[in-house]
Every structure is written in C-alpha cells, then in structure tokens.
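The values are calculated or read from the model by the stated rules, or taken from the named source; none is laboratory data. Bear in mind the structure is a predicted one, so any value in this text is a computation, not a measurement. So basically every Cβ, Gly included, is an ideal-geometry build from the backbone, and we count neighbours across all protein chains shown.
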Amino acid sequence: MMATVFLFLGCKKDEPVAKIPYDLTIEGGISTYTTWQFIRLTKPATLDQDNVTPVSNATVSINDGQNDIPFKEISSTGIYSGEVVQNKNFFKGYTLTVIYNNKKYMATDTLQPVLPIDASYVPAVVTSRNGGYRLTIPKHTFSTSVAQKWLILVQGKTWTENKFDESFPFSYSHVFGTPNALHPLTQEARVLDLGINDSVNIYKFSLSEAYSTYLYNLFQETDWKGLLSSVPGDVKGNISGNASGFFYATDVEMQQRTLKTLAGN
C-alpha cells in the first residue's frame, strides 16, 4: 500500500509552474545604425504565454560616458526611446539605468567597431537552381577569429531596432568551438530561392566579448539541446538586480549586394 502511495505521488505532474525568478525583462541597447535608441521593458513570461506585458512608468536613461540621456516611453508599449548623439564612442562603455518599483537595474556594454563586410566573404552558400540562385545561410558558424552577428534579408525588407515583436533571422559567427562535439546536433540553416537579378540587404553587427559569451551560453540552452544535454537553466545577462536580458552596444554596417556578386565569390 505504501509503495502505491509513493507511485501515485511520483506520477502527479500537473503542478503549477514555478514562479518566474525575475522582476522584469530588459531588451535592446545602443547601435551606431541610428542615433535614436530603443529599450523595451516587459514582465517576464513563461513559455505558454502568447503575449508579453509591457512595463510602464519606469525611469530609463543611458549614459554615453559623459551625459545621462533620459528615455521616454512610447504610448504605454513598454518601449522607451531616446536620442544618443554620441553613439560611436568605440572601445568605450555605455551604461543603462532602469528604475522601476523603487528598484534600480544597471548594465554596461563596450562598443566594438564592426569589421567591414568583406567583398569576398558573406556567411552564405550560393548555388544555381532552375535559372536562379539558392542562398543557404547557416545560423551558426564556429571558431571564427572575431564574434559577429549577421542578418541577410531579401530586397525590400529592412531591419530596425524598434521592431521588438518581429522575429529577424539572425545568424552568428562564434569564436568558440562547436558545442556537444561528441554528439553533434543538426545545423540550422535558412534557404532563400531568388532570381538571378535579385539583391539582398546584408547587415553585420559587432559583438562585445561579454555579449558573444552570453549568446553562446544562451544557444546552449535553446538551439543546441540534444538527448544528452543538461536540464535548461537560467542564462544570466549583464543586468544587475533581479532582471533578465542583456543590454548591448553594437556597431552596424549594411550593404546591398546582388546575387550575381555573391555567386561569384
């Protein structure tokens, strides 16, 4: 009888999900692409929630090394915006400060210059297909000399930092080696079938050492999980206090390239 009770208790799985251990989630950072910068504050959400809850009435500012620039919320969206004119202080730190519910959250990241988009290299493979081209873009490339983030979009589609709800298909160059080398996982890739005269918009983003390490650790809990992987855990960002996310500083370059040009490399 005692064994039956233990078995019944052990099979009871429909318990409430554990309380989320964070006060809020912080997204966004500093970019050289435009002087207008955007930070989004939301309540942490579980995987079964479809929508995030914006955090309003917070005090948000960014320090560019000399001045504190206040940010204002856009129409109760949880998105705070401000103009940081000095957005190209390379090798210097930018500091975010958020005050919400009498709690202060701070984060600093260092702005690194992006390596220019090389005329002979873009992380994509071009093959001819039925009179056009197929562009295969791996999501992850490993053991590169410099950590970078990429975004390749078909002509007519553009990237802007304030589109927090849009899922952009970024790809990443990691200075670290392939994870789970003994049991490699299937490489994720994105495929675009384009005409011979089509063009793509290529964005390249610099990553600080801290941000690239954070992303690599994050992907170990998401993209690179396998049968022998450990139980997912929380990946701590650079924000002090009880908040999740990572405040970044990134340099951005954009080029428009034709498929003919890419196919010739």
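The residues of the range 127-136 that are of a type in the set (S, T, N, Q) and either in contact (Cβ under 8 Å) with a residue 60 or more places away in the chain or assigned to a strand (DSSP E or B) (or both), listed by number, are Thr127, Ser128, Thr136.
Output yes when any residue across the range 137-148 is closer than 26 Å to Ala263 by Cβ, exposed (fewer than 13 other Cβ atoms within 10 Å of the Cβ) and in contact with a Pro (Cβ under 7 Å, 6 or more places away or on another chain), and no when none is. No, the range 137-148 contains no residue that is closer than 26 Å to Ala263 by Cβ, exposed (fewer than 13 other Cβ atoms within 10 Å of the Cβ) and in contact with a Pro (Cβ under 7 Å, 6 or more places away or on another chain). Of all residues in the range 196-212, those satisfying the criterion of being part of a helix (DSSP H, G or I) and either free of Cβ contacts under 8 Å to residues at least 12 places away in the same chain or under 11 Å from the mean Cα position of the chain (by Cα) (or both) are Tyr211, Ser212. For the range 111-126, enumerate the residues that are crowded, with 17+ Cβ neighbours inside 10 Å and not in a loop (DSSP other than H, G, I, E, B). Scanning the range 111-126 gives a single hit, Val126.
Quick grid of which residues meet (1) of a type outside the set (A, V, I, L, M, F, W, C); (2) at pLDDT 95 or above; (3) more than 21 Å from Gly237 (Cβ to Cβ):
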position: Ile30; (1), (2), (3): no, yes, no
position: Gln37; (1), (2), (3): yes, yes, no
position: Gln49; (1), (2), (3): yes, no, no
position: Ala58; (1), (2), (3): no, yes, no
position: Lys72; (1), (2), (3): yes, yes, yes
position: Tyr80; (1), (2), (3): yes, yes, no
position: Asn89; (1), (2), (3): yes, yes, yes
position: Lys92; (1), (2), (3): yes, yes, no
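Scanning the range 138-181 for residues that are among the β-branched types (Val, Ile, Thr) and part of a strand (DSSP E or B) returns Thr141, Ile152, Val154.
Can you tell me which of Asp193, Asp223 is part of a loop (DSSP other than H, G, I, E, B) and surrounded by fewer than 16 Cβ atoms within 10 Å (Cβ to Cβ)? Quick ask: steps written out before the conclusion?
Working: Asp193 fails: part of a loop (DSSP other than H, G, I, E, B).
Just a single option satisfies the conditions, and that option is Asp223.
Of all residues in the range 19-39, those satisfying the criterion of being part of a loop (DSSP other than H, G, I, E, B) and either touching a helix residue (DSSP H, G or I) at 6+ places or on another chain (Cβ under 6 Å) or hydroxyl-bearing (Ser, Thr, Tyr) (or both) are Tyr22, Thr32, Tyr33, Thr34, Thr35. I'd like to know if the range 106-127 contains one or more residues that are farther than 28 Å from Ser212 by Cβ and modelled with pLDDT under 95. Scanning the range 106-127, I find at least one residue that is farther than 28 Å from Ser212 by Cβ and modelled with pLDDT under 95, so the answer is yes.
Quick grid of which residues meet (1) at pLDDT 90 or above; (2) out of contact with any Phe, Trp or Tyr (no Cβ under 6 Å at 6 or more places or on another chain):
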{"site": "Gly156", "(1), (2)": "no, yes"}
{"site": "Thr178", "(1), (2)": "no, no"}
{"site": "Asn201", "(1), (2)": "yes, yes"}
{"site": "Tyr214", "(1), (2)": "yes, no"}
{"site": "Gly241", "(1), (2)": "yes, no"}
{"site": "Gly245", "(1), (2)": "yes, yes"}
{"site": "Asp251", "(1), (2)": "yes, yes"}
{"site": "Lys260", "(1), (2)": "no, yes"}
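Taking the range 73-126 as the range and being under 30 Å from Leu194 (Cβ atoms) and either touching a residue at least 24 places away in the same chain (Cβ under 8 Å) or not acidic (Asp, Glu) (or both) as the test, the residues that pass are Val114, Leu115, Pro116, Ile117, Ala119, Ser120, Tyr121, Val122, Pro123, Ala124, Val125, Val126.
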